[in-house]
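Report on one structure; see the data block that follows.
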Amino acid sequence: MHDSQLDLTTVPWSPQKETVRVFYKEMWDNANTTLVPSIFHPDFTFRGSLGPSLVGHAQFIEYVHFVTGAFEKYTSDFLELAEDGDKVFAKMRFHGFHRMEVFGLEPSGRHVWWYGMPIFKFDGQLIRDLWVLGDIHGLISRLKVE
């Protein structure tokens with residue numbers, strides 16, 4: 001984990017970037033799924049950093065509970081953040097303590113991390129689509145380390 005976190009106090013904020021900040025720092029980092037309706041369009045589509053493709057609030061909430069359960073003290077770090085029209089892009093680092101089986105690997109208790117590259121597409125003030133490319137192979141290699 002050698003990449004420096006982005007200093008969010010220096011980022012020029014827009015309403016869309018603020019929604020992305022809330023999504024990661026308030027919703028994901030606290031597993032606060034009560035925020036989902038205020039962030040996402042009811043029929044939003046999602047492809048997560050660990051692979052699943054989901055539609056709607058209920059499926060997404062299940063995914064949040066799975067990930068934050070599997071990785072205790074789950075945290076999202078902003079490394080880069082950019083915006084173009086109705087899209088926001090970021091380079092992220094996700095990390096936590098391996099507490100549940102993931103990719104067929106038993107819990108190790110170790111602190112593990114992986115990179116993700118989200119692309120948020122907005123429909124007005126709400127996220128309509130979120131596609132996240134995740135470094136699954138990097139995560140699996142860290143889960144397997146003896």
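What follows draws every value from the coordinates through simple rules; no lab data is involved. Here the structure is a predicted model, which is why all the values come from computation and not from measurement. Methodologically, a virtual Cβ is constructed for each residue, glycine included, from the backbone with ideal geometry; neighbour enumeration extends over all protein chains shown.
Projecting the Cα atoms of Leu35, His137, Thr10 onto the charge dipole of the chain, computed from C-beta unit charges around the Cα centre, puts His137 farthest toward the positive end. Taking 16 Å as the cut-off, the amide N atoms of segment 109-136 that come nearer than this to a point 7 Å along the Cα-to-beta-carbon line of Leu6 belong to 115-122, 131-133. Against the chain, whose longest principal axis is taken from its Cα atoms, helix 56-70 shows a tilt of about 30°. Residues of segment 69-85 falling in the label zone of Trp113, defined by backbone nitrogen less than 18 Å from a point 7 Å along Cα to beta-carbon, are 71-81. Of interest is the spacing of the C-alpha centroids, which for segment 29-67 and segment 82-129 amounts to 11 Å. Each Lys or Arg adds one and each Asp or Glu subtracts one; over the other residues with Cβ under 13 Å from the Cβ of Ser38, this totals -2.
Helix-only arithmetic for the chain: the sum of -39500 (n - 2.57) across DSSP H runs with n ≥ 4, divided by the residue total, places the mean residue ellipticity at 222 nm at -6500 deg cm²/dmol.
When the chain is described by a simple charge dipole with +1 on each Lys and Arg Cβ and -1 on each Asp and Glu Cβ, the residue from Phe78, Ile119, Phe89 located farthest towards its positive end is Phe78. Each principal axis of the Cα cloud of the chain was evaluated for its coordinate range; sorted largest first, these ranges are 46, 34, 22 Å.
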